[in-house]
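So the structure is just underneath, and the comments pick up after that.
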Amino acid sequence: MRILLVVAGLLASARMAAAAEAPEPKQPPPQNEKVTLAAYLGDKDAGLSFTIDDGFAGATEEFVKVIEPTGFKVTWFINPGTIDGPVKNRTPWARWRERFAAGDEIGNHGMTHALMTEMKLKDEQAHKDADGKPTYKLLDEEINGACDLIKKEIGKPPFSYAAANGLVDDEIKKMIAARHPAFASSRRLYGGDAWSLAKANAWLDGTIKKKDWMVAMLHSYTKGYAAFKQPADFDAHLAYVTSKAGEVWVAPFGTIAKYRLLREGTQVVVKPVEHGVEIALATKLDTGVYDQPLTLVIHEPGVKEAKAVREGAEKPLPVLVRKDAVLVDALPGPGKITVTWSK
Ligand SMILES: [Zn+2]
C-alpha cells in the first residue's frame, strides 16, 4: 500500500503474541540500537484502518452496530456540507460528536463530495484575481470550508482527508496538505461485487507479512453504494481481524498516520543508568496535534519487572515486559523517561 506518508524504514518489529501466548523472541538489534521506536504501536507487525465514506445515516448506524462490539475505532470521512442539506439522509452532527467522543476519527471528505479535478477547471474559468490567476474559490470552500465546519461542529479540525472518488492532481493535493497532515490516497475497496471474505482475509495476512498498513474503504453495509453482498461476511472478517489482534494495530487512519509521522519526526537519545536507561524523546512536531504516544522498544532480554517514570509526571508510563524487550508507550516532548528493570 502506498499511503502518502514517508515512513522510516525501521522495521525491526517482531511478532507480538496474543496475550495468552508466550512472546516469541526477535532478532537481536544492532549494537548501537539499544532503544528503537516501534513501527506500530505496541510493536505490532502491521496497521489496519477502517475508513467509512460519505456518512449516510443508515450505513453509519449499521456499521456502528457491527464494529462497536469489536472495540475497533474507525475513521468516518464525511461531507459536512451535506449534513444540514435539503435531503436529510446523512448522519447528523450530534451523532458525529458522539462518535468522536467514543474514539472514532471524523475526517474530511470534501464539503459537497464534488469531483475536485472538475471543480478546479470551473475555478480556472470563473474565479481569477486582478492578474488573471485563478483564485480557486470553489476548491477553497470544498477543502478548507469543510475543514472549518468540522472544526466548528466537532471541536477539532480534521487531521485526515480523503478525496471524493479519489480524484486529485498535485495542486489539489497541495491545497489539501496545507491543513490536513494525512491524505488517504490508496485504499482497499470493501463491499460490492469484487469483495469477498477470503480476499479480505488474505489482504490482511499479506499486510502483516509485509509489515504494512492497510486502509480499508467502506461505504454501506446492507444497502447503498458498495454494500456487502453478504453482510455477515464482513462480520466474519472482523472476527478474523480480532483473531490477529496480537499482530495488527487496528486504529483510525489519522491515528496511525500521526504515529508514523511523529515517529519519523522524533529523535531518541539514550543514556545508560544503573539497571536501566534514561531516554529523551525530542520532536519539532506539535504534540497537541500529533498526540499519539509512540512505543519505545528497549532491547533488553530477560527482564522480569520494569518501571518507566517521566520527569515531572505523577503517574508511571505504561510498560510491557516481553522476553526480549521492554516496551514503553510515551509521547515525545520534554521530561526525560527513566526505565529501570530487575531480572
Ligand atoms: Zn465518497
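Given a 10 angstrom Cα cut-off, can you work out which residue in Asp45, Asp233, Asp170 is the most mobile in a GNM of the chain? Per the Cα network of the chain with a 10 Å cutoff, Asp170 tops the list.
Full extension of the chain between Ser196 and Gln267 yields a length gain of 21.3 nm, computed as 0.36 nm times the residue separation minus the alpha carbon distance. The angle between the Cα long axis of helix 231-243 and the main principal axis of the chain comes to about 20°, on a 0 to 90 degree scale.
Among the listed pairs Lys128/Lys151; Lys122/Lys174; Lys44/Lys258, a Cα-Cα separation exceeding 20 Å is found for Lys128/Lys151.
When shorter helices are ignored and each DSSP H run of at least 4 residues is given -39500 (n - 2.57), the per-residue value for the chain at 222 nm works out to -8000 deg cm²/dmol. For the pair the range 136-162 and the range 204-273, the centres of their Cα atoms are 25 angstrom apart. Within the chain, antiparallel bridges make up roughly 60 percent of the DSSP beta bridges whose residues both belong there. Helix 57-67 against the longest principal axis of the chain: what's the angle in degrees, Cα atoms only, rounded to the nearest 10? The two axes meet at around 20 degrees. Label-to-label distance, Lys122 versus Lys343, with points set 7 angstrom from Cα along the beta-carbon direction: 6.8 nm.
Where a number appears in this text, it was derived from the coordinates with a stated rule and is not lab data. Here the structure is a predicted model, which is why all the values come from computation and not from measurement. With ideal geometry, Cβ positions are generated from the backbone for all residues, glycine too; neighbour counts draw on all protein chains shown.
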